[in-house]
Amino acid sequence: MKFYLAPMEGITGYVYRNAYYKYFGHMDCYFTPFIGNKRMAAREQHDVDPKRNLARPLVPQILTNRAEDFLLLAGQLLRLGYDEVNLNLGCPSGTVAARGRGAGFLGYPKELDAFLCEIFDKCPLKISIKTRIGVNAPGEWPGLLEIYKKYPISELIIHPRLQRDFYKNSPNWEAYGQAVRELSLPLCYNGDIASIQDFQGLMDAFPHTECVMLGRGILRSPWLAGRIKESMGMTENKGVDRDALLGFHEELLSGYQREMEGERNVLFRLKELWSYMGDGFAGAEKLLKKIKKSSRLPEYRAAAEEIIRSCQIRDMDTADAINLEK
Ligand SMILES: Cc1cc2nc3c(=O)[nH]c(=O)nc-3n(C[C@H](O)[C@H](O)[C@H](O)COP(=O)(O)O)c2cc1C
């Protein structure tokens with residue numbers, strides 16, 4: 001069983017990936033958030049810079065509907081030493097989809113087919129794809145599967161929601177099952193696996209699953225992949241290590257301070273992360289409010305560290321506070 005860390009724009013940049021790798025390191029592969037412009041901005045260049053990235057293997061992700069731009073970026077990434085790129089056909093954002101990119105590209109099957117034909121013909125790197133199952137209706141999925149069957153996709157990561165679902169409704173396991181039955185290429189499941197129980201449900205439904213990508217579940221509980229591996233007997237039971245969490249947090253804080261200009265930007269980034277990570281702790285409401293209101297790093301740090309040191313870890317399946325420590 002392999003686990004991948006999902007790309008999450010604005011959050012899982014190299015600072016987060018490095019900190020996660022150093023203190024948890026449970027992933028078999030990491031993905032950059034999407035690169036959306038053929039000329040990479042400084043932030044994107046840093047994000048793919050091999051010298052800055054400890055968490056490997058790393059696959060850069062490209063969001064475009066222009067084969068020319070895809071090939072140009074792939075060429076730059078090849079020169080940096082990458083051997084695989086990932087195509088984003090899943091971003092549901094209104095502005096992205098309206099321009100026929102991300103999940104919006106799924107609404108133009110003919111153009112998508114022509115685009116894939118060109119990039120698979122000319123790209124010197126392996127190409128994996130991260131896809132949703134359509135734009136408006138599950139009925140679009142069978143046609144998309146017929147397109148995917150035609151190309152040597154190195155891996156198809158499926159988040160079985162429609163573009164118009166954004167993150168609402170439940171992942172469509174029937175559609176995922178159809179891909180499992182019909183495709184002979186390597187598949188990776190992604191979507192709403194935030195607890196051991198969720199993972200077990202997936203394994204019960206699809207016992208041959210070999211690869212799962214985890215996103216918000218890891219933001220909320222960075223220990224999640226470790227707990228799943230323990231539940232499968234893949235690693236010994238280590239529980240949740242608060243010192244590792246403190247180290248992880250410190251690494252994020254210092255990493256963002258190095259990477260970003262100004263306290264406000266650093267705080268903004270960390271507050272966004274706590275909007276997920278806060279749910280991993282029980283009884284943290286007051287301290288989370290303090291984090292939200294903090295305008296300086298010392299007050300932020302005090303509240304964040306107090307949560308990590310003293311609030312109980314929340315059981316993701318029951319939402320109860322439990323003792324996960326050894
Ligand atoms: C804040 C945020 C940013 C995201 N950015 C990206 C991205 O850059 N590229 C991508 O393919 N998916 C992106 N996603 C989608 C995730 O990779 C993943 O497919 C989605 O969250 C479902 O998985 P999960 O339920 O495990 O979180 C993003 C999701 C979130 C919540």
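Applying the criterion of being β-branched (Val, Ile, Thr) and touching a strand residue (DSSP E or B) at 6+ places or on another chain (Cβ under 9 Å) to the residues of region 212-257, the residue that is surrounded by the fewest Cβ atoms within 10 Å (Cβ to Cβ) is Val240.
The number of residues in region 206-219 that are more than 9 Å from the ligand (Cβ to nearest atom), not in a strand (DSSP E or B) and not polar (S, T, N, Q) comes to 4.
Scanning region 151-175 for residues that are away from the ligand (no atom under 13 Å from the Cβ) and of a type in the set (Ser, Thr, Tyr) yields Tyr151, Ser154.
Within 22 Å of the chain's Cα centre (by Cα), over 25 Å from Asn190 (Cβ atoms) and not in a helix (DSSP H, G or I) - does that describe any residue in region 244-258? No. Which residue, of Leu80, Leu71, Leu63, is within 14 Å of the ligand (Cβ to nearest atom) and modelled with pLDDT of 95 or more? Only one candidate qualifies: Leu63. The set of residues in region 81-111 being under 22 Å from the mean Cα position of the chain (by Cα) and among the hydrophobic types (A, V, I, L, M, F, W, C) consists of Val85, Leu87, Leu89, Cys91, Val96, Ala97, Ala103, Phe105, Leu106.
Can you work out which of the residues in region 176-205 that are within 12 Å of the ligand (Cβ to nearest atom) and of a type in the set (Phe, Trp, Tyr) is nearest to Gly102 (Cα to Cα)? Checking each candidate, the answer is Tyr189. Checking each residue in region 25-47 for being over 12 Å from Asn86 (Cβ atoms) and within 15 Å of the ligand (Cβ to nearest atom) picks out His26, Met27, Gly36, Asn37, Met40, Ala41, Arg43, Glu44, Asp47. Restricting region 121-139 to residues that are exposed (fewer than 13 other Cβ atoms within 10 Å of the Cβ) and small (Gly, Ala, Ser) leaves a set whose member that is nearest to the chain's Cα centre (by Cα) is Ala137. Restricting the first member to region 48-67 and to residues that are closer than 30 Å to Leu106 by Cα, and the second to residues that are more than 16 Å from the ligand (Cβ to nearest atom) and of a type in the set (A, V, I, L, M), the beta-carbon pairs closer than 7 Å and six or more apart or on different chains are Val48/Leu80; Ala67/Ile119. Test Lys22 against the stated conditions and say whether it is more than 24 Å from Pro138 (Cα to Cα), more than 11 Å from the ligand (Cβ to nearest atom) and in contact (Cβ under 8 Å) with a residue 60 or more places away in the chain. When the stated conditions are applied, Lys22 passes them.
The values are calculated or read from the model by the stated rules, or taken from the named source; none is laboratory data. Here the structure is a predicted model, which is why all the values come from computation and not from measurement. Glycine gets a Cβ as well: all are built from the backbone with ideal geometry, and neighbour counts include every protein chain shown.
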